[in-house]
Structure formats: structure tokens, C-alpha cells
Amino acid sequence: MNVLVTKEKLTPKRNMLNVNKWTIFSLLDEATIESIRLACVYGSSANEAIYVTKEDEVYALGTNCSGALGVGDLQSSLQPRKVEELCGKGVIYFAYGSGPHVIALTGTGELYSWGHNGYNQLGNGNTTQSPLPAAISNGLMGRKIIQVACGSYHTVAQTEDREVYAWGYNNCGQVGTGSTTNQPTPRKVTHNIGSKKAKLVTCGQTSTMILTDTGEVSVWLGYNGNGQLGIGNNVNQSTPCKVTSLQNYVIAKIVCGYAHSMALTDEGVIYTWGANSYGQLGTGNKSNLVTASRVTVDKHRFIDIAATHYNHVSAAMTHTGIVYMWGQCRGQSVTSPTETQFNVLSDVFACFASPPITYEPLVVDKPIMYKTVPESIQDAFDNEETSDLKFIIEDKTVCVHRAVLKIRCEHFRSMFQAHWDENGKDVIEVSDFTYPVYYAFLKYLYTDSVDLPPEDAIGLLDLANSYCENHLKKLCEGIIKQGITVENGAMLYAAAIKYEAKELEDFCFEFKVKHLTAVAHTEAFSKLDENTLKNFITKAASCGAFRH
């Protein structure tokens, strides 16, 4: 894999989410669009939307089914109407069911609910729909909520203490009380969880899943007619149970579709299970699966996955920013991951999902359509027209600017002094580092970013260590962490020790312990020097790695 060399363009950044992709926002004027900081689209036909402005005001528009706009009545509106009860509350997230019912999470950990309530999904103790947002206090008093998710007619929340509370429709046991009676107010889920702490909660149409802080998936609760619980059968569950087909993997993220589930491992591999009538499992066929199966895409490490209980679409992004989609895409059954031209996962749902709702709230930023000082400096990198200095590495030339290098790097401030030979040269040859590594270093001085595969990032870590570039060292450590695998884990661990990257060393150590058996059989592990191997075994033993 070579260094990615591209010229920056005057276009919005890659992670920018554009609300104009959603039809319901098409009547908003430019000033209103520019004021939005958070937005989402929901409803059976993606015909309702809510957004928060940078001034912390909340507006909603659309058909207002079941009072889901939160404006106090049932009147539809193509123009935004203010949601008074949420203005100034610091809303940071929205979750929504199919009724629809809507839940808002504030930065202080409070929950507000409104909309459809036929199955107690608002958590207010009754079944009367509510056209106005009201705080959910019963059962959650004194607890700070950090995450919330909705199934079609039930709601699940995670507290700051990593406890899980659930309420609403419970016909298949999806609320986790051990029965199938609807739950009118938030209730702590305790069955089969013990001392485990939740890292993430997610909901399918009538199912719920928990990801624990140890990387285990407890699929939990609910309807299992399509195998979406991944427990090896089609039997509904009313209490949490472990997904044993994933027990040999450390899971980083889980998501649920309408009746299928996806898991992303810490090595960037995707596993799916459940309903597959539209190819949403990405297995190349339409057969349902009751246990987790790997999604195969050659030579790609995935860093994110997406799905929603509203539809049968799956999406994923690779570490290089490529977005894939599969499932029911505009009525077509796409049974294998298909590469798109999108830059963000949300575009898959805006353009191909039915209905085209947002799988999670959009965090909106304003595109910069002019050159700022940082952009101008970035564009000047390797520009022969304006450069006054050239580096030659492995017979390849990189054009730079002496002033930029002196401003950005202490090593070059020292080099470009009268008593250094390099100070008077227009061309400097470099032999201590490879071209990809040194090119990435020079580009970093112009861009504050690094684009290298983990193998080359080790070389850049060496350079950063030699040049005392601590920020660059941290960036390299981050790249190496994202690229760690069973095959290279031992090699990266040794490199971290060699270059005195203590945080990276600890990360690699934990990874090796979690995958100890597999790592121990790799060639890289066998090549560890005796002292490093001895220290690792001693440290691993003290952590209980060899206990049965």
C-alpha cells in the first residue's frame, strides 16, 4: 500500500453531513440550513424531521403522525415549527421508533420523550400519545444517561455507570424483564448481566443487543424468528444471553437492522446474522443465518458500520474512507458489499434506503468554500512553482519551503543555521528513512495529518522519536492501533517498546493478551527477542492470562 498523494480541493470536508440530501429539508432557505448543528429524519416515509440550531433552538417539520413533531398538536407543516420544551436544553442526540416515538438526550444526561405511546415506549407510565416533549424521570431519577436507542416500540438507555434500562413494548421479551408484559417506565436490566458493564446498546424492530466493555455481545431479548439474536436458533428470548459464535472475537461496535444484526471486531472485520431476504447480511445469497458469519471484502479493514430498524440496508466504511452498502437498496436486493462513491455512511441511507431516514443524527457543519491560511499552506506542499528547497529520497524529489519547515519543526530550525552545511543547499539528500516515511513527515508539517499504512507508520514513529516530534508520535501510535491484527500484533508491540511509546506498548500488550493463543502461533511472535518475550510472558502471567 503506497502513500496516498492527493491535492486538496475547495470542497466540503469528507466527514461533512449535508442535510440537503434529505428531501424534507429541500424547502429550507440557505440561512436556516447554515444555522443547523444537529438534525435527523424519521417517520414511516421519512416524512418528519427535527433539528437543533447553533443557538440551541429546536425546530420540527413534517406530517406530525402521533404528535411526533413535539409542537403540542397534530398539525402537519412543511415549514419548521419551534419545539419550545427542548429549546435551551442542550440536546445532543435523538433516537426514534416506528410509531413514531422520539427520544431526545441532553448534554446533562436527561431524556425527553414524545409521540406514539400505545405500548408505553415513552416511559411515562401510561399509553397516551404525547404531542409535547416531557422529561423521563420515573425510574431514572439521579441517573445520567449517556446513550439511548429505540426499537419500533421500545426504548433502551445506558447510564453513566454503564447500567442498562429499558421500557415499552415487550411482546417478545425485548425489554428484558423476564416476561412478555409491556414495561410502562424505565426498569434496570439485571437478568444474566451480573457485574458486566455496557459499552453500547442498540435495537432492532423487536430486539435489543448490548455490547459489554469487555468486547462481548449479549444479544438480548426479543423476537428471534429470523435468527437476528445470533444464538443458533429461532427461539425468542426474554433475558440476555451471550452470542457464543462471537466469543473468540473482541467486538468494537454492534448495530441492528429491521431483523438483522451486524458486529465489527477490533481488527476491522464485520460479522452479520439474522434475516437476509434482501441480501442485508452481505453473504452473497439470501439465506437467513442464526449465527454470526463473516462479511468478506478483500484487503479492507472496516472502521464503522451502520444499520437501522426502519429498513433492510447495511453500510460500512473502510479505514481508507471507502463506503460500501448492501441489502434492500432502492428496491433492489444487493447481496454482496458494493463500493459506492459516498464519503459518509449517512449518504447510503439518504439515497438508497426505504424509507430514507437518518440511521443516526447528522452533525452538520458549514462547508468552507474559500482558501483559509491552513488550506493555502497545504496546497503549497510539493509545489515546485513556489518551493525554495528540494529533498531527494530514494531518487524521488519532494519540493518544500524552508520557512515552513523552520516554523514547524525544531530539527529544521537547527539545521538551517549558518554552521550547518545544509543551510546553504538547495537540494538535500536523505538516506536514513524511506521515501514513503519521509514524504509523509514533510507532508505532516504542512497538513498536521498522516496518511500511511501501519507498517510504514512504524518507520515514521522512528523518525518522530529521532526528531522529538511528540505530536507526530501520537498520530503514528493512533494509526498503528487502528492497524493492529493478530498477525502483526507482536511486531507492533516490539516496535512500541523500541521507540519508547508507552501508551502504544500498553495497547499492543492488551491486544496480544486478548488474542493470546492466535498471536502466539504467528511468525512475528516467534521472532521476538528473548528479553522482550520473557518480559511479555511475565507481565501477561501477572494479569491472569494463563489461568483456565
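The values are calculated or read from the model by the stated rules, or taken from the named source; none is laboratory data. The model shown is predicted, which means the values in this text are computed figures rather than measured ones. Here the Cβ positions follow ideal geometry from the backbone for every residue, glycine too, while neighbour counts run over all protein chains shown. Areas reflect the complete protein model, heavy atoms only, side chains present, ligands, DNA and RNA absent. Shrake-Rupley method; radii C 1.70, N 1.55, O 1.52, S 1.80 Å.
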Given the C-alpha atoms of region 475-548, compute the convex hull and give its volume per residue in Å³.
80
Where Rh denotes the Kirkwood radius from the mean inverse Cα pair distance, what is Rg over Rh for region 247-303?
0.95
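Compute the semi-axes of the equivalent ellipsoid of region 424-471, taking the square root of 5 times each eigenvalue of the Cα gyration tensor, and list them largest first in whole Å. Before the final figure, lay out each step's value.
Working: eigenvalues 65, 31, 26 Å².
Here the semi-axes work out to 18, 12, 11 Å.
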How far, in degrees from 0 to 90, does helix 470-482 lean away from the longest principal axis of the Cα atoms of the chain, to the nearest 10?
50
Return the FRET efficiency for the residue pair ASN171, ARG294: r is the Cβ-Cβ distance, R0 is 25 Å, and the value is rounded to the nearest 0.05.
0.20
Gain upon complete extension [VAL373, THR32; 0.36 nm per residue less C-alpha separation]
120.0 nm
Distances longer than 22 Å among the Cα atoms of region 127-271: what percent of all pairs is that?
34
If you average over every viewing direction, what projected area does the convex hull of the Cα atoms of region 391-548 give, in nm²?
10.5
Per residue, the convex hull enclosing the Cα atoms of the chain spans a volume in Å³ of 172
On C-alpha positions alone, give me the angle between the axis of helix 435-447 and the longest principal axis of the chain, in degrees, nearest 10.
60
Just from the alpha-carbon atoms, what are the Rg and Dmax of region 65-164 in angstroms?
12.8, 41
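As an exercise, find the ratio Rg/Rh for region 361-443 from alpha-carbon atoms, using the Kirkwood inverse-distance average for Rh.
Expressed as Rg/Rh, it is 1.09.
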How large, in Å, is region 458-515 by the Kirkwood hydrodynamic radius built from its alpha-carbon pairs?
11.1
Dimensions (Å) - region 120-206, Cα atoms, principal axes, largest first
37, 28, 19
Between GLU455 and SER76, 0.36 nm times their residue separation minus their Cα-Cα distance comes to what?
130.8 nm
Enter the accessible area of LYS502 (Å², nearest 10), with the probe set to 1.4 Å and all protein chains included.
110
So, relative contact order of the chain in percent, Cα under 8 Å, 6 or more apart, is 9
Using a 1.4 angstrom probe, figure out how much accessible area region 391-493 has per residue, in square angstrom, rounded to the nearest whole.
45
Report the full-extension gain for the segment HIS411 to GLU500: residue separation times 0.36 nm, less the Cα-Cα distance, to one decimal in nm.
30.1 nm
In what sequence, largest accessible area first, do PHE546, PHE509 appear using a 1.4 Å probe?
PHE546, PHE509
From most to least accessible, 1.4 Å probe, no ligand or DNA/RNA atoms counted, GLU110, GLU530, GLU48 line up as GLU530, GLU110, GLU48
So, taking all protein chains as they sit and a 1.4 Å probe, how much accessible area belongs to ASP421, in Å² rounded to tens?
120
Using only the alpha-carbon atoms of region 396-476, report the extent along each of the three principal axes, biggest first, to the nearest angstrom.
37, 25, 20
Could you please put MET262, MET491 in sequence from largest to smallest accessible area, using a 1.4 Å probe?
MET491, MET262
Cα-Cα over 29 Å: which of LYS199/LYS527; LYS144/LYS474; LYS89/LYS473; LYS89/LYS199?
LYS199/LYS527; LYS144/LYS474; LYS89/LYS473
So what is the relative contact order of region 77-217, in percent, for Cα pairs below 8 Å that sit 6 or more residues apart?
18
One finds the C-alpha centres of region 71-145 and region 373-423 to be spaced, in Å, by 56
Probe radius 1.4 Å, ligands and nucleic acids ignored: give me the carbon and sulfur share of the accessible area of the chain as a rounded percent.
48
So how much accessible area does GLU500 have, in Å² to the nearest 10, using a 1.4 Å probe?
140
So the label point goes 7 Å from the Cα of GLU339 along Cα→C-beta, right? Which residues of region 286-302 then have their backbone N under 18 Å from it?
296-302
Cβ-derived FRET efficiency at R0 25 Å, LYS539 paired with LYS197, nearest 0.05:
0.55
Scattering from the C-alpha atoms of region 70-121 alone, worked out with Debye: what is log10 I(q)/I(0) at q = 0.15 1/Å?
-0.45
In a Debye calculation with equal point scatterers on the alpha-carbon sites of region 299-366 and no solvent, what is log10 I(q)/I(0) at q = 0.11, 0.15, 0.29 Å⁻¹?
-0.23, -0.43, -1.40
Label-point gap, in nm, between ASP529 and CYS87 - each point 7 angstrom along Cα→Cβ
6.7
